[in-house]
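Engineer: Take this structure first; my questions come after.
Bear in mind these aren't lab numbers, they're just calculated from the coordinates by the rules spelled out. All of these numbers come straight from a predicted model, not from anything done at the bench. Every residue, glycine among them, receives a Cβ derived from its backbone with ideal geometry; neighbour counts consider all protein chains shown.
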Amino acid sequence: MLPSPWLLPFGLDKWLRSHKAEQERKLPILSLEDHELYGDTYGQYAGTLFTILTRDSRNIASILSEQSSKFDYGDLRRVCFGFLLGEGIFTENGEDWKRSRRLIASRLHEPQFPALHIIESHFQELLQTIFSKQETSPHIDLRPLFFNYTLDISTDLFLGVSTSLLSPPSKMNNEGKRFSLAFNEGVKFLTARERWKKFAFLTFFTHHPRQWWSCLTARDSLLNMIIEAQKQEQGSKYQPFTEFLGKSTDIEKARDELMNLLFAGRDTNASLLGWIVYVLAQEPDVFKKLETEVLSTMGQDPNSTPTLLDLRKMPYLEDVINETLRLFPAVPINGRMCKETTTLPFGGGQSGEEPILVPKGALICFSTYGCHLSTKNYGEDARLFRPERWREVDVKSRTHDYTFHPFIGGPRKCLGEIFAMKLTRYTICRLVQSFSAIEINSPGFQCGSDWQKQTKYNIGLTMSLDDNDGLVVKLTPR
Ligand code: HEM
């Protein structure tokens, strides 16, 4: 391992550099530079916590699959997230987690899930919002609209009552709005707590009481929405809540399960949609190729809605999504606590090809972003956006050897992958059907061949486009 240019105790040097990179919205780039400096696997102190960082796919496979029983979240998730999420799939371990996972999988893995007509109804609201905003300015920030879109869809699908954030004022759901505002603040609070890890209690001193109060408001509001959903479902044939979360033992537990699902599915999906529109605006040739595929499958009528079969006939659409997930994974870095002293197969010795010791109590951080951008895995053009590479490499074998793992793998693999992919394919197909050009107009970005160097990242619990600049675009209707 090479020595750092200058070292301070408790990892303060790293903290200072990270702080600077974060101010510049370039945190993921710093993580790549560090891997190039220290190797694919290295150790450091984060405060008093010994941490091992790895982007080696062979180690990631070991943590997530082969040795998964030796790593878990410990108490950290409950401590950092419990305030908003309560007791659900993200904060649980052991038998409780297994129960939640079975319950959630029973819904997410239904073959007909999600109902495309429900997605279409929300897509229409997104479209109408875009058109009505275009009346006042040709430039629209799509970033917040995508966050509202994915929350509206998720609440509709899981609860039967949508937050209706994109609905016209006549259909506005006041409780939905209350929930969304509180949920946004609550997620920000969790991001801060997650950074403090076992010192998360300090956030009660460092953060405005409004932020932690928002977690309680979001929990209260979601309970109100559930009660409303139950009322509406009485006597109705369509009972998404009763069929799914109504199976869980009590209403408070159902609320927690639902909160965890919204937490899992809202920001990840919204971030992915944002990144795809961003790259389509930056890469006109990719947009043209995608447009040809979409229009040759769907015809020229922007109102014809795709079936799942239609979407399966669009391999380039899938390549664009995979390439976006590779370069801009919604969860760029992830962590596990080591429950018993063990070794990881690579990262030790002079060559870095020997096993490395992982002591009990160490935090293991694996970088999906670092792994996806490694030239060892994707060749010299690993940093370039090139969807065509997915005709040369096989997604399945890449997922299997963990060189591509946007949804991770192993027992805690994302349960929403199929849902996320269907929703993303559907939405991007419908956007391409509806608009003939996308031009980027965010003050902080410029178009050009080096757009990736200029990209700014917002790192919360997910990685999205910089929230200061947003995703300001000009969309030309067909
Ligand atoms: C682009 C979209 C998405 C990406 C990239 C993504 C990625 C991930 C990742 C990396 C994890 C592991 C988190 C961890 O270990 O800390 C995860 C977990 C999870 N995801 Fe997703 N996700 C996406 C969308 C969704 C959606 C739409 C849902 C459902 C509504 C969902 C449900 C879940 C659940 C329930 C877990 C927890 C699994 C467990 O702990 O057993 N995800 N997701």
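Engineer: Roughly speaking, what is the stretch gain from Thr242 to Gln112, that is 0.36 nm per residue apart minus the C-alpha to C-alpha distance, in nm to one decimal? Write out the running numbers ahead of the final one.
Structural biologist: Values: separation 130, 0.36 × 130 = 46.80 nm, distance 1.71 nm.
Using 0.36 nm per residue and subtracting the Cα-Cα distance, I get 45.1 nm.
Engineer: Quote the convex hull volume per residue of the chain, based on C-alpha atoms, as a whole number of Å³.
Structural biologist: Details: hull volume 71.5 nm³, N = 478.
Normalising the Cα hull of the chain by residue number yields 150 Å³.
Engineer: How much space per residue, in cubic angstrom, does the convex hull of the C-alpha atoms of region 237-292 take up? Please report the intermediate quantities before stating the final value.
Structural biologist: On the way: hull volume 5.6 nm³, N = 56.
Hull volume over Cα atoms, normalised by residue count, gives 100 Å³.
Engineer: Greater than 31 Å separation of Cα atoms is the criterion. Which listed pairs, Lys197/Lys474; Lys20/Lys413; Lys133/Lys188; Lys231/Lys413; Lys253/Lys422; Lys253/Lys456, meet it? Walk me through the numbers on the way to the answer.
Structural biologist: Details: Lys197/Lys474 41 Å; Lys20/Lys413 33 Å; Lys133/Lys188 27 Å; Lys231/Lys413 34 Å; Lys253/Lys422 28 Å; Lys253/Lys456 38 Å.
Flagged as over cut-off: Lys197/Lys474; Lys20/Lys413; Lys231/Lys413; Lys253/Lys456.
Engineer: Sticking with this structure for a sec: Gain in length, Ser351 to Asn224, computed as 0.36 nm per residue apart minus the alpha-carbon separation, to one decimal in nm? It would help to have the intermediate numbers written out before the result.
Structural biologist: On the way: separation 127, 0.36 × 127 = 45.72 nm, distance 5.80 nm.
Taking Ser351 through Asn224 to full extension adds about 39.9 nm, to one decimal.
Engineer: Tell me what the chain gives for mean residue ellipticity at 222 nm when only DSSP H runs of n ≥ 4 count, each as -39,500 (n - 2.57), the sum divided by the residue total, rounded to 500 deg cm²/dmol. Could the numbers behind the result be given before it?
Structural biologist: Details: 21 runs with 253 residues, N = 478.
Mean residue ellipticity at 222 nm (helix-derived): -16500 deg cm²/dmol.
Engineer: Taking R0 as 41 Å, what FRET efficiency do you get between Phe204 and Arg99 from their Cβ-Cβ distance, rounded to the nearest 0.05?
Structural biologist: Values: r = 31 Å, r/R0 = 0.75.
Once the sixth-power term is evaluated, E becomes 0.85.
Engineer: Starting from the Cα-Cα distance between Asp285 and Lys188, subtract it from 0.36 nm times their residue separation and give me the gain in nm to one decimal. Don't skip to the end; give the middle numbers.
Structural biologist: On the way: separation 97, 0.36 × 97 = 34.92 nm, distance 3.65 nm.
Length gained, Asp285 through Lys188: 31.3 nm.
Engineer: By average Cβ neighbour count within 10 Å, what is the ranking of 154-166, 313-325 from highest down?
Structural biologist: In decreasing order of mean packing, 154-166, 313-325 become 154-166, 313-325.
Engineer: Next up: Taking 7 Å along the Cα-to-C-beta vector as the label spot, tell me the Asn468-Ile251 distance in nanometres, rounded to one decimal.
Structural biologist: Each label point is offset 7 Å from its Cα along the Cβ direction, giving 4.5 nm.
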